[in-house]
Structure formats: C-alpha cells, structure tokens
Amino acid sequence: MINKTPKLTVVGAGPGDPDLITLKAIKALSSADVVLYDALINESLLDYATEAEKIFVGKRKGCYAYQQEQINELIVSRAKSHGHVVRLKGGDPFIFGRGAEEIDYVRQFNIETNMVPGISSSLAVPAYQGIPLTKRGSSESFWVITGTTKSHKLSQDVCLAAKSSATVVILMGMSKLSEIVSIFAAENKQDTPVAIIQNGTTKNEHFGFGTIKTIEQVVKDKKLSSPAIIVIGEVVKKRVKLTSIYKEIKEEIVS
C-alpha cells in the first residue's frame, strides 16, 4: 500500500482519565498509521491519531472482538501494509496487559518494536481516592496481583499476600471476591479495611469501603461490578482528602 518501515509501538493509555496519558504516548499516537485499541481506554485519546486507521480489538462483557492470536496477526499484517502500528492498551501494558507477549510475537517478523509505559490503574485508581499504597507506620510495601489467571483461577499469590502486612491490590478480581475474602478471613484478618473502586479515575467512578467481614455486603448494596480494583490493607483507613478530586465519603468503614 505504502512504502513505510513496519513498526509497532505498544502504548499505555493510563487508567481512564485522559489527562493521565503521557507526552510520549501522545507523540506515538500522532505518528500512527494504525491504532489497535482496547475496551478500557478512553476513546477521546484516539483524537490524537488524526491520520490513523482505528480498529477496536478489545473485550466487552465477555465478548471478544478479536482473539489474542488474531490481534497478533493483525499487528503484523497492518505493520507490513501501513507502517506504524500503535497498540493502545489500558493502564500499563506490562502489568497484566499482554504487551510483552505481543512484542515477542511481532519481533519474530523482524519488525521494529517500541514500548511507551502507562500509568497503571493499580497505582492511580487508589491514589484518586486518596489511598496511599504505602505509608510510614502502616505499610512498607504492596502487592499487585491478578485476580484471574490464564486458567481462570484465583492466583495463589493471594494466599501468600494475605499472610503479609503489605497492602494488597487485586486487579480483575471481582468474580473471585468471595474466595479472596475467605482467604483473608482464614488469616484472622476479618477487620482489615477494604476499598473497591469501579471505573476508577473516570466520570463513571463508583466505590465502596468496608472490611473483609463486610465488603461483600457493601458490593451488593452499592451494586459494584467489574471493571474494579480491590485494595486491602490498613492504608485504606489512612486515605487523605484531596481538595480537587476527592469525593466526600460519608460511609465509615464498618468494623
């Protein structure tokens, strides 16, 4: 079609707020010939790709526009026919985003590959609710764990994390919430604070606060669902008031 050098740039779109895109990501989008984008990106970001063909390859409500193998093949074919392909993925593509898998596949075809990190939802979503993942005297470290593995089971790392004093952030874990709660309860952590934040950093954000003992009822009462992030740890009680973006929370953590 055109005589351009085939190239792939995997780009992190950030957690949802379009203002959290990086300058380097904007530059990549502006130079794109094709953008393959996922469901969780803010579609206003596509406006930066003024000259590009835009193809939705994401997943919505359990339905896949493309299987992963088809996405891999589409990247290669479009790179060869059009030139610069930007693979736009929510959050950071190297944190449960399959960005590394796609780069590994494309490199087999001697196609130039680049990666632009994004702000991970695992960090930004709690921050937008004023929750510090680490705080002196409360948490010295944090875990970021996938709630659903490739085999559709809960990661065994949750069991290890429940034994620690670290903050635990679980992505893609809402369908496994009962199992997560049981694991922490078995470690005598029924009173550990929990936050669940749905559609974090976006205008559709919803959230609920409770403890391991109460969070399932909170989810039911507030009708919380995926996509959501689960934050477990004492830092949930240490959230700070952010004047510009903080939403007043009238509910207190139920002990």
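The values are calculated or read from the model by the stated rules, or taken from the named source; none is laboratory data. Quantities reported herein were computed from a predicted structural model and do not represent experimental measurements. FYI the Cβ positions are ideal-geometry reconstructions off the backbone, even for glycines, and counts take in every protein chain you see. Keep in mind that these areas ignore ligands, DNA and RNA; they rest on the heavy atoms of the full protein, side chains included. Shrake-Rupley method; radii C 1.70, N 1.55, O 1.52, S 1.80 Å.
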| request: Find which of Leu74, Leu224, Val86 sits farthest along the positive direction of the dipole of the chain, computed with +1 on the beta-carbon of Lys and Arg, -1 on that of Asp and Glu, about the Cα centre. | output: Leu224
| query | To the nearest 10 degrees, how steeply does helix 68-82 sit against the main Cα axis of the chain, on a 0 to 90 scale? | reply | 40 degrees
| request: Work through the residues other than Arg107 whose Cβ is under 13 Å from its Cβ and net out their charges, Lys, Arg +1 and Asp, Glu -1. | output: -3
| request: Just add up the charged neighbours of Val194: K/R +1, D/E -1, any other residue whose Cβ is under 12 Å from the Cβ of Val194. | output: 0
| Global geometry of the stretch 113-253, whether rounded, prolate or oblate, following the gyration tensor of its Cα atoms and the 1.5 cut on a/c | rounded
| query | Starting at 0 and stepping by 5 Å, how many percent of the alpha carbon pairs of the chain end up in each bin? | reply | 1, 6, 13, 17, 17, 14, 11, 9, 6, 4, 2, 0, 0
| field | Given charges at Cβ of Lys, Arg, Asp, Glu: the chain dipole, positive-most of Val236, Ile21, Tyr37 | value | Val236
| remark: the chain, Gaussian network, Cα under 10 Å: of Ile197, Ile232, Ile183, the residue fluctuating most is Ile183
| field | With Cα atoms, 0 to 90° folded angle of helix 177-186 axis to the chain main axis | value | 40 degrees
| remark: Those trypsin sites (Lys or Arg not before Pro) from the stretch 1-79 that are DSSP loop and have at most 10 other Cβ neighbours within 10 Å turn out to be Lys61
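Kindly rank 80-90, 144-154, 13-23 from highest to lowest mean number of other beta carbons found within 10 Å of each residue. Present the calculation step by step, with values, prior to reporting the outcome.
Working: 80-90: 22.7, 144-154: 15.0, 13-23: 19.5.
So the order, starting with the most tightly packed, is 80-90, 13-23, 144-154.
In Å², what does the accessible area per residue of the stretch 9-116 work out to with a 1.4 Å probe? Intermediate values should be presented prior to the final figure.
Working: 5270 Å² over 108 residues.
About 49 Å² of surface per residue is accessible.
For the chain, what % of the accessible area comes from carbon and sulfur atoms, probe 1.4 Å? Each step should come with its number before you reach the end.
Details: 6640 of 13230 Å².
Carbon-and-sulfur percentage of accessible area, whole number: 50.
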| request: Please report, in debye to the nearest 20, how large the charge dipole of the chain is about its Cα centre when each Lys and Arg carries +1 at its beta carbon and each Asp and Glu carries -1 there. | output: 240 debye
| remark: So for R0 = 25 Å, FRET eff. of Ala100-Ile55 from the Cβ-Cβ r, to 0.05, ends up at 0.75
| query | Going by a ≥ b ≥ c, the root eigenvalues of the Cα gyration tensor, does the stretch 34-88 fall in the rounded group (a/c under 1.5), the prolate group (a/b larger than b/c) or the oblate group? | reply | oblate
| field | Centroid-to-centroid separation of the stretch 6-50 and the stretch 209-236 [C-alpha atoms, Å] | value | 31 Å
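I'd like the per residue volume of the convex hull spanned by the Cα atoms of the stretch 1-71, given in cubic angstrom.
Details: hull volume 7.3 nm³, N = 71.
Once divided by residue count, the hull of the stretch 1-71 is 102 Å³.
Of Lys189/Lys220; Lys27/Lys135; Lys176/Lys222; Lys80/Lys150, which pairs sit farther than 24 Å apart, going by alpha carbon to alpha carbon?
Lys27/Lys135; Lys80/Lys150
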| Among Pro132, Gln108, Ser121, which residue has its Cα positioned farthest towards the positive end of the charge dipole of the stretch 101-155, with +1 placed on the Cβ of Lys and Arg, -1 on the Cβ of Asp and Glu, and the dipole taken about the Cα centre? | Pro132
| If you stretched the chain out fully between Glu179 and Gln70, how much longer would it get, using 0.36 nm times the residue separation minus the C-alpha to C-alpha distance? | 36.0 nm
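Please go through the stretch 68-151 and write out the GluC sites (Glu not before Pro) that DSSP classes as loop and that have at most 14 other C-beta atoms within 10 Å.
Loop-located and lightly packed - Glu140.
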| query | How many nm is it between the label spots at Leu242 and Lys24, if each spot is 7 Å from the Cα in line with the beta carbon? | reply | 2.3 nm
| query | If you build a Gaussian network model of the chain, linking Cα atoms that sit under 10 Å apart, which residue out of Asp38, Asp191, Asp104 swings the most? | reply | Asp104
